[in-house]
Structure formats: C-alpha cells, structure tokens
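Peer 1: What follows is a structure written as structure tokens; I'll ask about it next.
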Amino acid sequence: MSNDGGLRRTPLYERHVALGARMVEFGGWEMPVQYSGIIDEHRAVREAVGLFDISHMGEVEVRGPDALPFLQHLVTYDVAAIQPGEANYALMCLPNGGIIDDTFIYNLGDYYLIVVNAANTAKDVAWMHECAKGFQVMVADASDRTGMLALQGPAAEGLLAQVAGADLAALPFHGVRRGTVSGIPAIVARTGYTGEDGFELFVAADDVGRLWDALLNAGRDAGLKPCGLGARDSLRFEACLALYGHEITEETNPYEARLGWVVKLDKGDFIGRDALQRIKQEGVRRRLTGFEMVGRGIARSEYEIRDLEGMPVGRVTSGMPSPTLEKNLGMGYVPVTLSAEGSEFDVVVRDRPVRARVVKMPFYRPRYKK
C-alpha cells in the first residue's frame, strides 16, 4: 500500500483514476467516492451487481493454541459458535462497555481472520496485542499484504459462479472458504455491508489488480459497475448498518446501538462483560432510532435533535435522501421515551427545526432476507 502526500493508497489507485473516479480522503486513505455517480452505483448494487475496492480495511490474523480463548476474551460474540468455514459480526469493547470497533471474524479452520475498520486498524492491533498478554497466541497485522474486494448485489452469485465455479458461489450466508477466483488464490466469504447478498474476496495485495480487472470484464453483461464510498455509505445506511464514528464509538454501548444481539453474556467472561450486564439490567437511557423527515429538509450527521418543546435531546448520526425509498431518512440517538415508532421530534436544519417521525428499522430489507 503506497503513500503520497500523507494519504495511503490501495494497489488499485491507478485503476480508479483511469476509470474517472473522484478521489477523496477517507480515514487516512485516498479512495474513490464515485465513478458514474452515487445514485447510479447504488442502484446497480440493489438491482444487479457492484464491485468495491475495500483494500483499505484492516485484516488481522490470529493463530495459536489459545486463539479461541483469546478471541472469547476479546469480543462480545460467542466465537465458539463460529465453526470452521463460518463468519460472524462481533464487537470489541472497553471495560466500561464502550465500543472500540466492530469487526467480522472468519474461522478458516487453522486460524481466524479478523476484519476491522480502516481508520481503526493501528488502534485495534495495538489493543489486540495488549489483550493477548497471557495467551499462547500470535496476532499479526496482515493489512499491507492483503487486497480485499466486495462483489455485492443480486447478480453477484451468478457472476462469481462464472469466474470461480458453482460450488464456491453456493456458499451459505456468512460462509467462508478458500478457493480460486479467475485463477487467483482467494478467501471467499458470503458477507458484506451493503444490505444485499454478495461476497467479499481476500487475495494477496499483488493479485488484487488482476482480480479487479477480471471481475470488471466478466461482469459487463451482468450490469456490473465499479462503486465508490458514496454508494457504500448510502447502501449500508438504508439497511441501518452501523458505521464506526457515526452510529458506534467508544462513547456508545451495544445496547443503545441496537446491537445487543451480538453480546453473549452467558458465554463466560470477556472484556466489558460486567459493565454490559449492568447496562442490560438497568436499561438504556437513549437508543439509536430511525426517522423520516416529515417537514422539508435533509438530516445530516451531527445535526441537533430537539424535542417538541425545543430542548436539545440528541444528534443525528447519519442522514440522507434514500435512493431506493426516495425519502429523506436519518438515524440518531434520542431518549428512549422518543424512540417508539410514530414518535416525533425536530431536527435542526440550517438553524431551522424540521419535524421528523420515528419509523421502523431497517429502512430497507433486501429480497434475500424476506
């Protein structure tokens, strides 16, 4: 991964520029925000298939005889339930229950692969090394030698079957296995963060360019489009998938973020368990809530939320016009008393309170989950 002007670049940087991508800074990386346009790319993923460069994400390998007990100690989820060939979402928390990062854990049989957020990689790896003391375990940051692509959308399975074979494309949801894609050794997982069916492909950093080219070429007839961070954000937003630094931070806990399902208090001790058990018993005071703008205005991140008496009660974490639903939607933390469906409050848009109404989450549910 190269550096230029203080920003890091993935091995696909030159390809992005050649495709006319608009490049922006994101978490210390120079990344494509869009190619043909955010809405066009968003719809390609919802209706056909999109290809994302996510080589900026962090990949950490955990090996050794204590790999499982170490991960059980490190994260909130029951890692023992993630069998070889499976993957699942998990959180790393501070002792007080605050969220250090959200992760995906892949059980490859002989080791675990942990994917973390790009901007948090250095922090997360340092935390893992600190927490590994006393365990017979090896924690290795594999980020610089790993390329990662996301192939997402209803046509992703058919396209992958063309270049990798039907067996690999038939992986179950959250399944993972080794194989070859366009002749390139790869780890293939049926995971993603767009709210659609699809796959994430891990290859050597030196091979990711060839794989990108092969998928773009093979996907022409399927309507495949290269997609940037803009569509990635709008897609995950419609599915109400948390984005670190917005819906989740070290100042938020899993229960108020509606991620209690990933906290397994009965698995035994882990970092943050006592605090999370207490929070669950006492209940939360605020909750991540989805809303639709009733008045004329678009909710944006960090906009103030006020109750109907005009008192500040929260902040918007993410908000935008939904390309799929064609509504102005948002998410934010509000008091539990305002979090029930149908409740109303105001979002301050350019110094003007605009009415919003709580709606059911997620805003969009993909066809494969219906």
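The values are calculated or read from the model by the stated rules, or taken from the named source; none is laboratory data. Remember, predicted model here, so these are calculated numbers, not experimental data. Please note: Cβ atoms are built from the backbone with ideal geometry, for glycine as well, and neighbour counts cover all protein chains shown. Ligands, DNA and RNA are excluded from the accessible area calculation, which covers all protein heavy atoms including side chains. Shrake-Rupley method; radii C 1.70, N 1.55, O 1.52, S 1.80 Å.
Peer 1: Distance from the Cα centre of region 296-336 to that of region 194-263, in angstrom?
Peer 2: Computed from Cα coordinates, the inter-centre distance equals 23 Å.
Peer 1: Here's a follow-up. Taking every DSSP beta bridge that has both residues in the chain, what percent is antiparallel when rounded to the nearest 5?
Peer 2: 95 percent
Peer 1: Just to verify a number: FRET efficiency for Gln83 and Arg145, C-beta to C-beta distance, R0 = 25 Å, to 0.05? Spell out each step's value before the answer.
Peer 2: Numbers: r = 27 Å, r/R0 = 1.06.
E(calc), rounded to 0.05, equals 0.40.
Peer 1: Give, in nm to one decimal, the length gained when the segment between Met138 and Lys123 is fully stretched (0.36 nm per residue of separation minus the Cα-Cα distance).
Peer 2: So the chain would gain 3.7 nm between Met138 and Lys123.
Peer 1: Antiparallel DSSP bridges in region 148-299: what percent, to the nearest 5? Write out the running numbers ahead of the final one.
Peer 2: On the way: 14 of 15 bridges.
Antiparallel bridges: around 95 percent, rounded to the nearest 5.
Peer 1: Hey, another quick one. Karplus couplings for region 64-76 from phi (6.51 cos²θ - 1.76 cosθ + 1.60, θ = phi - 60°), rounded to Hz, Gly and Pro as x?
Peer 2: x, x, 9, 4, 5, x, 5, 5, 4, 6, 7, 10, 7
Peer 1: Same structure again: Modelling each spin label as a point 7 Å along the Cα-to-Cβ direction, I'd like the Ala275/His174 distance in nm, to one decimal.
Peer 2: If labels sit at Ala275 and His174, their model points lie 2.5 nm apart.
Peer 1: What is the Rg over Rh value, at two decimals, for region 243-344, using alpha-carbon atoms and the Kirkwood definition of Rh?
Peer 2: 1.02
Peer 1: Additional query: Please identify, among Gly219, Gly245, Gly58, the residue showing maximal mean-square fluctuation in a Gaussian network model of the chain using a 10 angstrom Cα cutoff.
Peer 2: Gly245
Peer 1: Could I ask something else about it? Of Gly195, Gly283, Gly314, which is the most mobile in a GNM of the chain whose springs link Cα atoms less than 10 angstrom apart?
Peer 2: Comparing Gly195, Gly283, Gly314 in a Gaussian network model of the chain, the most mobile one is Gly283.
Peer 1: A further question on this structure: Ignoring any ligand, DNA or RNA, what whole percent of the accessible area of the chain comes from carbon and sulfur when the probe is 1.4 angstrom? Don't skip to the answer; put the middle values down first.
Peer 2: Working: 7560 of 15710 Å².
Using a 1.4 Å probe with all protein chains present, the chain comes out at 48 percent carbon and sulfur.
Peer 1: Next question. Accessible area of Arg286, 1.4 Å probe, to the nearest 10 Å²?
Peer 2: Answer for Arg286: close to 80 Å² accessible.
Peer 1: One-quarter of the Cα convex hull surface for region 210-301, in nm²?
Peer 2: 10.5 nm²
Peer 1: May I ask for the Kirkwood hydrodynamic radius of region 1-65, worked out over all distinct Cα pairs and given in angstroms to one decimal?
Peer 2: 13.4 Å
Peer 1: Let me ask something else. Which order do Trp127, Trp212, Trp261 take when ranked by solvent-accessible area (1.4 Å probe, heavy atoms of all protein chains), largest first?
Peer 2: Trp261, Trp127, Trp212
Peer 1: Right, next: What ³J(HN,Hα) values, in whole Hz, does the Karplus curve 6.51 cos²θ - 1.76 cosθ + 1.60 give for region 235-242 when θ = phi - 60°, with x put for Gly and Pro?
Peer 2: 5, 5, 5, 4, 7, 6, 8, 5
Peer 1: Could you give the distance between the Cα centres of region 26-91 and region 123-174, to the whole Å?
Peer 2: Each part's Cα centre sits 7 Å from the other's.
Peer 1: Let me ask something else about it. For n ≥ 4 DSSP H runs only, could you compute -39500 (n - 2.57) per run for the chain, divide by its residues and tell me the 222 nm figure to the nearest 500?
Peer 2: My calculation for the chain gives -6000 deg cm²/dmol from helical runs alone.
Peer 1: Related question: Which peptide among 41-49, 347-355 comes first, and what is the full order, when sorted by highest mean count of other Cβ atoms within 10 Å?
Peer 2: Working: 41-49: 22.7, 347-355: 16.0.
Packing proxy ranking, top to bottom: 41-49, 347-355.
Peer 1: Report Arg357's accessible area, 1.4 Å probe, all protein chains in place, as a number in Å² to the nearest 10.
Peer 2: About 100 Å², rounded to the nearest 10.
Peer 1: Using unit Cβ charges (K, R positive; D, E negative) and no other charged atoms, how large, in debye to the nearest 20, is the dipole of region 29-166 about its Cα centre? The partial results should precede the final answer.
Peer 2: Details: 6 positive and 18 negative charges, 23 e Å.
Rounded to the nearest 20 debye, it is 120 debye.
Peer 1: Give me the accessible area per residue for the chain, probe 1.4 Å, as a whole number in Å².
Peer 2: In whole numbers, the chain has 42 Å² accessible per residue.
Peer 1: Go through [x] 139; [y] 179; [z] 194 and flag the label whose value is the computed volume of the Cα convex hull per residue in Å³ for this structure.
Peer 2: [x]
Peer 1: Next question, about the same structure. Where nothing but the Cβ of Lys and Arg (+1) and of Asp and Glu (-1) is charged, how large is the charge dipole of the chain around its Cα centre, in debye to the nearest 20?
Peer 2: With Lys and Arg at +1 and Asp and Glu at -1, about 860 debye.
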